[in-house]
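Novice: Attaching a single structure in structure tokens format; questions to follow.
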Amino acid sequence: MSRFVFRSLVLTCVVVNAVCGAEPDGGEWPGFRGPLGNGYTGARDVPTEWSAEKNVAWKTELPGDCNGSPVVVGSRVFVTSADHEGRQRSLYCFDADSGEQLWVRTVPFDKVLPTHETNLYAGTTPVADSERVVVWHASAGLWCYDFSGKELWSCQLGEFRHTWGYGTSPVILDGKVILHTGPGARVFIVGLNPATGEELWKFEEPVDGDGEHNRDNKYMGSWSTPVMAESDGRKTIVCSMSTRVVGLDPESGSLVWSCDGIRGERGDLCYTSPVIAGDICVAMGGYNGPAFGFRMKGTGDITEGQRLWRQTEKTPQRIASGIVVDGLMYVMNAGPNTVQCIDPASGDVKWQARSGGAAAWGSPVYANGLLYSTDQKGATLVFRPNPKKLERVALNALGEPSNSTPAIIHGRIFIRTFGHLYCIRNPAAS
């Protein structure tokens, strides 16, 4: 393990990706990991205890076992689903107050493409603004609808084939729909006009292999969803690729900087989104791959000058993205089933503890001073950020599998399991 420790660095960031310093009011959850794409919400009156019967405002049945997470805008909840081995890929819209299905829009697809048995079809999360919702169906295209379900536009971006399937989610950053299209033989990040679907720019990432295996015949691919960061006096769109992290100019899509370090002994793999802590970015490789931190400064290949640390030994399986609270990063691991508290500046593990539940695929979210993480058995661990130990508040079981991230708005938590969409409500909340 190589490490460059800068002890003088002070992390004042409370959450990741708070680009403009604005705190979301907690009234909406428009995309993957919430208003800022970092798992943070300003929601209050959030429930801390529930079960399959207790504090359930409503639940509605969902077809298909899928990994995509819910988003909530206004009075609508959007989730993806798929049937018939991915030959029908759908976006569902539900009423947020009652759970009533308002509409469904299904895109037929005439091929059965490969995927891993744990990465089910419709593994992506839609994104919405105040007028429209955008959903990525991978090889079946990118689709945009208004809130009544009327199709506004669609675009076909090619076939994306990988033995482990697809799973990146579109996001809206800097007024553009941003999509990382990998993994596959061709990988690119594209910026689109959300009103028309017009392509504004495209960044092509070199593929060192055939898209499934690298030149050493080891697995490769990235399922990372981009985030926005502000550092060194500029905004950048940050995404973890299969071997490196890239920072792109939001206006042109051109490469500003890159930092190597994701390539591991078992392959070139990344499942998580980058974690932003002030001017530091932390990236975590998949399949027990490396984790590393670097300063987002300079241009070109900044690996040698800006990488602070890189950990390669005894790294856990990481699928959930981390979250930063009060300068420390909290990470839920998929194997072993642990929670870690890590210093983003040095990579030092402050503590590690068993979660008490199953492996975590869903990313942790922060609301009202607490962290919420739903595991693969549908149990949500609620714990308090603490630099010294795991401070459990509750472990709430729904008794159904889940690989999704909760959506939290004022007084309500929306959880997607393999069987249902749940609305958990605090009875005392207004």
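Novice: Name the strands (runs of 3 or more DSSP E) wholly inside the range 220-298 in which the number of residues that are within 20 Å of the chain's Cα centre (by Cα) and aliphatic (A, V, I, L, M) is 2 or more.
Specialist: Output list reads 227-231, 234-240, 244-248, 275-277, 280-284.
Novice: Right, another one. So in the range 385-430, with the set limited to residues that are closer than 17 Å to residue 26 by Cβ, aliphatic (A, V, I, L, M) and outside any strand (DSSP E or B), which one is modelled with the lowest pLDDT?
Specialist: 429
Novice: What strands (runs of 3 or more DSSP E), lying completely within the range 54-146, carry at least 1 residues that are in contact with a Lys or Arg (Cβ under 7 Å, 6 or more places away or on another chain) and farther than 17 Å from residue 165 by Cα?
Specialist: By residue number, 56-61, 76-83, 88-95, 101-108, 142-146.
Novice: Hey, another quick one. Determine if the range 93-107 includes at least one residue that is more than 13 Å from residue 414 (Cα to Cα), buried (at least 19 other Cβ atoms within 10 Å of the Cβ), among the hydrophobic types (A, V, I, L, M, F, W, C) and modelled with pLDDT under 95.
Specialist: No, every residue in the range 93-107 fails to be more than 13 Å from residue 414 (Cα to Cα), buried (at least 19 other Cβ atoms within 10 Å of the Cβ), among the hydrophobic types (A, V, I, L, M, F, W, C) and modelled with pLDDT under 95.
Novice: Only residues that are of a type outside the set (Phe, Trp, Tyr) and at pLDDT 95 or above: list them for the range 24-34, please.
Specialist: Answer for the range 24-34, where residues must be of a type outside the set (Phe, Trp, Tyr) and at pLDDT 95 or above: 30, 31, 33, 34.
Novice: Scan the range 383-414 for residues that are buried (at least 20 other Cβ atoms within 10 Å of the Cβ) and not aromatic (Phe, Trp, Tyr) and report the count.
Specialist: So the count comes out to 12.
Novice: Scan the range 283-295 and give yes if some residue there is over 23 Å from residue 342 (Cβ atoms) and buried (at least 18 other Cβ atoms within 10 Å of the Cβ), otherwise no.
Specialist: no
The values are calculated or read from the model by the stated rules, or taken from the named source; none is laboratory data. Quick caveat: nothing in here was measured; it's all calculated off a predicted structure. We place every Cβ from the backbone using ideal geometry, glycine too, and count neighbours over all the protein chains shown.
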